[in-house]
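The values are calculated or read from the model by the stated rules, or taken from the named source; none is laboratory data. Being a predicted model, the structure only gives us computed values, none of them experimental. Reconstructed Cβ throughout: ideal geometry from the backbone, glycine too, with neighbour counts over all protein chains shown. The area values use the complete protein model at the heavy-atom level, side chains included, leaving out ligands, DNA and RNA. Shrake-Rupley method; radii C 1.70, N 1.55, O 1.52, S 1.80 Å.
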Amino acid sequence: MNAAPSLREMSCADDYDPDSMPVDRARMLIRQFLTPVTATERVHVRFALNRVLAEDVVSPLAVPGHDNSAMDGWAVRFADLRQDAETQLKRIGESFAGKPYPGTLGAGEAVRIFTGGVMPGGADTVVMQERATEIPDGVVISAGAVSKAGQNRRFAGEDLQCGQVVFGAGQPVRPAELGMIASLGINEVSVYRKLRVAFFSTGDELRSVGTPLAQGDIYDSNRYTLFGMLSRLDCDMVDMGVVPDIPAELERAFATAAANADVVITSGGVSVGEADYVKELLDKLGEVLFWKIAMKPGRPLAYGKIGGAHFFGLPGNPVSVMVTFYQFVRDALLVLQGRSDVTQIPTFKATLAAPIRKMPGRTEFQRGVLAPNGSGWNVRTTGDQGSGILSSMSRANCFIVLPAESGNVAAGELVDVQLLEGLI
Ligand code: AMP
Ligand code: MG
């Protein structure tokens, strides 16, 4: 059951304005059409890194499996200890991690214990070794070394209980999850299959690296930034190269891409003038909407379906490609990958170190450099913000997000920033 309207129905909605689409609205509209992959595969735990769990992981055991010591020290009975004077106890053995003491502690007895060592029967507390002095056949515990029973002791199941759902389907597997899964003794998990993403660049002027440039030609960089961003998201990629602005060739490329991938991403060819015949073409092949997003950079954006594939037609300018990818495509891919935790990119406030000129009307994603200022963070732009200046992305460590309604911003004001590190 899918209650979402069709793309065509949506384009007739009252508040739908393809010529002035707010960023949030575009994100929301796209979200309605995303149906995550359902196919799964079983992989060895290490190959699950960066993938999304397709089944709940249920703990087959308790972690830790036994009460054990959190410190190097002495396992004792709390009731034996005097708070107001030293206590002398008899040493009856040792408990190492992986080599427990087999017996049980009686009154007046202590077991030398090391971090991770199983608590011997009869002991309820660990005295850290710094509060104890070893003597022949025994130990002297200083007065008030522990204040309550159970100190410095880890309890069986305090991290995970047997039968507990540790991770739900939809959980991305990061290093911590890998470790947790391994700690349960599980060596294989079920994950969603990887997303297949086909991409190509459009433009008569584009040449691929390794070929000479004629007058007016430029090298295609968008397929490289896309390759990088998609690699970080662990997608399977089909790089279809450069396609010239020739309708028959474009048609063939769109059809091939859609037939071979879950998602098709192109750059270029969606700006005024070029969009017209691309539009005609895509009308024939699928349902695609052309939007002018109220943002800078990244104004023209096409989104829709070609056959069963999702299509993102990104602008041609290299910075616009990266900004629209991070603001729209990344989230969409995460949802399609089956992740259940997809939220907006987090923003936090930083102090603007130098003024920014801005006209109200569009959300701007300026490239910024964050630097610590002692008590918090200062941010300044990377300088020239032209959408063709890819070095601005390379110098940046954040986006400075200026809302549509905002005008000029003075130095010292707080602005929203999104970290570039961590977007993966
Ligand atoms: P377009 O959206 O096709 O009008 O392209 C906008 C600008 O981006 C033009 O200056 C193009 O030459 C440039 N551009 C388009 N595609 C690429 C690409 N793949 N690599 C580098 N620059 C590009
Ligand atoms: Mg072009």
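Values for this structure:
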{"item": "Residue, most open to solvent (accessible area, probe 1.4 Å), within the range 271-294, restricted to residues that are within 16 Å of ligand 2 (Cβ to nearest atom) and among the aromatic types (F, W, Y)", "result": "Y277"}
{"item": "Exclusive hit being open to solvent by 40 Å² or more (accessible area, probe 1.4 Å), more than 16 Å from ligand 1 (Cβ to nearest atom), modelled with pLDDT of 95 or more and not in a strand (DSSP E or B), set S340, S375", "result": "S340"}
{"item": "Residues located in the range 386-417, provided they are open to solvent by less than 10 Å² (accessible area, probe 1.4 Å) and of a type in the set (G, A, S)", "result": "S392"}
{"item": "Residue match in the range 210-217 (condition: at pLDDT 95 or above, within 16 Å of ligand 2 (Cβ to nearest atom), farther than 30 Å from V63 by Cβ and of a type in the set (S, T, N, Q))", "result": "no"}
{"item": "The lone exception for E249 - which of (1) open to solvent by 60 Å² or more (accessible area, probe 1.4 Å); (2) charged (D, E, K, R); (3) part of a loop (DSSP other than H, G, I, E, B) it fails", "result": "(3)"}
{"item": "Residue list for the range 222-239, filter: more than 10 Å from ligand 1 (Cβ to nearest atom) and either of a type outside the set (S, T, Y) or open to solvent by 80 Å² or more (accessible area, probe 1.4 Å) (or both)", "result": "F227, G228, M229, L230, R232, L233, D234, C235, D236, M237, V238, D239"}
{"item": "Odd one out for T40 among (1) crowded, with 16+ Cβ neighbours inside 10 Å; (2) modelled with pLDDT under 95; (3) of a type in the set (S, T, N, Q)", "result": "(2)"}
{"item": "Residue ranges of strands (runs of 3 or more DSSP E) in the range 118-157 with at least 3 members at pLDDT below 95", "result": "none"}
{"item": "Filter result for D19 (open to solvent by 40 Å² or more (accessible area, probe 1.4 Å) and either closer than 25 Å to S406 by Cβ or in contact (Cβ under 8 Å) with a residue 40 or more places away in the chain (or both))", "result": "yes"}
{"item": "Where T133 falls short, out of the listed (1) within 42 Å of the chain's Cα centre (by Cα); (2) open to solvent by 60 Å² or more (accessible area, probe 1.4 Å)", "result": "(1)"}
{"item": "Single unsatisfied condition, Y219 versus (1) more than 10 Å from ligand 1 (Cβ to nearest atom); (2) in contact (Cβ under 8 Å) with a residue 12 or more places away in the chain", "result": "(1)"}
{"item": "Residue under evaluation T87, criteria (1) touching a residue at least 12 places away in the same chain (Cβ under 8 Å); (2) surrounded by fewer than 14 Cβ atoms within 10 Å (Cβ to Cβ), criterion not met", "result": "(2)"}
{"item": "Inter-residue pairs, beta-carbon under 6 Å, first under 21 Å from V37 (Cα atoms) and of a type outside the set (K, R) and in the range 158-185, second at pLDDT 95 or above and part of a strand (DSSP E or B), 6+ apart", "result": "F167/L53; F167/V57; A169/L53; Q171/L53; P172/V52"}
{"item": "Index of the failed condition, S201 passing every other in (1) open to solvent by 60 Å² or more (accessible area, probe 1.4 Å); (2) within 13 Å of ligand 2 (Cβ to nearest atom); (3) over 20 Å from S11 (Cβ atoms); (4) among the hydroxyl-bearing types (S, T, Y)", "result": "(1)"}
{"item": "Residues within the range 241-270 that are away from ligand 2 (no atom under 16 Å from the Cβ) and aliphatic (A, V, I, L, M), tallied", "result": "8"}
{"item": "Those residues of the range 298-337 which are of a type in the set (F, W, Y), open to solvent by less than 10 Å² (accessible area, probe 1.4 Å) and in contact (Cβ under 8 Å) with a residue 60 or more places away in the chain, in sequence order", "result": "Y303, F325, F328"}
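Every residue, every condition in (1) among the aliphatic types (A, V, I, L, M); (2) over 30 Å from R51 (Cα atoms); (3) more than 16 Å from ligand 1 (Cβ to nearest atom), yes or no:
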site	(1), (2), (3)
G103	no, yes, yes
E109	no, yes, yes
M119	yes, yes, yes
D124	no, yes, yes
V139	yes, yes, yes
A169	yes, no, yes
N187	no, no, yes
E205	no, yes, no
